[in-house]
Amino acid sequence: MILEIQKPKKVIGFSLQLVNDQDAKTIVSSLQSKHNLQFTIDTIHKIDYGYNFEKRKFQNFNTTYVNLIQKDNALYDIRQQLKRTFQKQISNKTMKQPYYQLDFSASSCKFQIKVNDIEILSMNLDGQTATDIPINAAVFGSGLQKIEVKGYPLDGTKILNPEAYIRYKIVEQNVENGQFMFVKGSEKYQTPKVKVGEPFIYHTTNFIAEVPYELQSWNTLRYIKDLKTDIKPFLIKAYQRLITKAKEGDYKPLIEVIKIVEARNSKTMYLSEQETKQRIKSILDDINDGFEIMDLEGDQVLSYAGNGKLVRLIRTDGNSALAFSNSKTSEELILDIWFCLPNGESDFVVF
């Protein structure tokens, strides 16, 4: 591909190697608009060997040449701007996709796992378990991340089992090529041995995550927990709006909520558009399989997360107040959504 500016007076030539013509058009069109430049595009058929970022493999492809020309002896040189734009695009394409997990085991307690003050998993465990738990869903950008684990007495008991423990280590894997490739692991952490009369066992640690994304909205959210206003009536109204519409047979507001949540998940978990659509479809299929939305209980309480930026209503059993029940199977389907309050807004929105 050759880029040629009309009526040149000074030529600045250099070449860029691109995967396809569309990449070149996208990059140069943005500069054309900014600098009011005119150009034509011709493709040259020189075969080269390199990495195809779209197909994620090395192969033969056309080398693209871009010739930039300053117009009317203008002082600006857009060559470096184009190079930076191109390099940033390539950097985004080649950046690895870190996938963080907890290599986790626990015994004889009701455990809770939080990452950045957001609950990842809780379970009443009358026995033992060992599993890998993904935590990217609570990693909203690169930097310091906080992990907390707690173990409480089992439901129906008041005293911790003396054999209760929680062990974990942080594992980083790269999923860029669709396969899980081990990168590194932390040391193994463990809660202290249970002491007589202790109400719970606890351990916390920090780690540095490096991810190729950042949820911009996170930094624009207000600290709801610091508000002087009683927010519970406003939150009940937000829940009730979804429930009432669903009972009337209008599931569009609920579907929009699910889409918002899954859009966030798709970014933190590197999901394709097709995978995201399938996840949404799976949730809706479950709802349509004999489930009906449940009314709010009268004694739901507020639950905060994200260091006070997120809030939800929970029932007395600790589960989200937004739930569905199936009268035939006696099953419940829980939709765990959080609400937030962006700066400058007065209404709660789904995070």
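The values are calculated or read from the model by the stated rules, or taken from the named source; none is laboratory data. Given the structure is predicted, the values throughout are model-derived calculations rather than measurements. Please note: Cβ atoms are built from the backbone with ideal geometry, for glycine as well, and neighbour counts cover all protein chains shown. Heavy atoms of the whole protein, side chains included, go into the accessibility calculation; ligands, DNA and RNA do not. Shrake-Rupley method; radii C 1.70, N 1.55, O 1.52, S 1.80 Å.
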Within the stretch 149-165, is there a residue that is farther than 26 Å from Phe339 by Cα and under 24 Å from the mean Cα position of the chain (by Cα)? no
Total residues in the stretch 270-284, condition in contact with a helix residue (DSSP H, G or I) (Cβ under 7 Å, 6 or more places away or on another chain) and open to solvent by 50 Å² or more (accessible area, probe 1.4 Å): 1
Within the stretch 159-180, considering residues that are charged (D, E, K, R) and part of a strand (DSSP E or B), the one least open to solvent (accessible area, probe 1.4 Å): Glu172
List the residue pairs whose Cβ atoms are under 7 Å apart, where the first residue sits in the stretch 132-157 and is aromatic (Phe, Trp, Tyr), the second is in a strand (DSSP E or B) and surrounded by 16 or more Cβ atoms within 10 Å (Cβ to Cβ), and the two are 6 or more positions apart or on different chains. Tyr152/Cys109; Tyr152/Lys110
Residue tally, condition open to solvent by less than 50 Å² (accessible area, probe 1.4 Å) and modelled with pLDDT under 90, over the stretch 313-322: 3
Tally the residues that are under 27 Å from Pro153 (Cα atoms) and either among the charged types (D, E, K, R) or in contact with a helix residue (DSSP H, G or I) (Cβ under 9 Å, 6 or more places away or on another chain) (or both), restricting the search to the stretch 183-213. 5
With the condition being open to solvent by less than 10 Å² (accessible area, probe 1.4 Å), over 23 Å from Leu271 (Cα atoms) and hydrophobic (A, V, I, L, M, F, W, C), I'd like the strands (runs of 3 or more DSSP E) fully within the stretch 97-158 carrying at least 1 qualifying residues. 98-115, 143-152
Residue count, the stretch 285-312, condition open to solvent by less than 50 Å² (accessible area, probe 1.4 Å), farther than 25 Å from Gln145 by Cα, touching a helix residue (DSSP H, G or I) at 6+ places or on another chain (Cβ under 7 Å) and not β-branched (Val, Ile, Thr), comes to 1
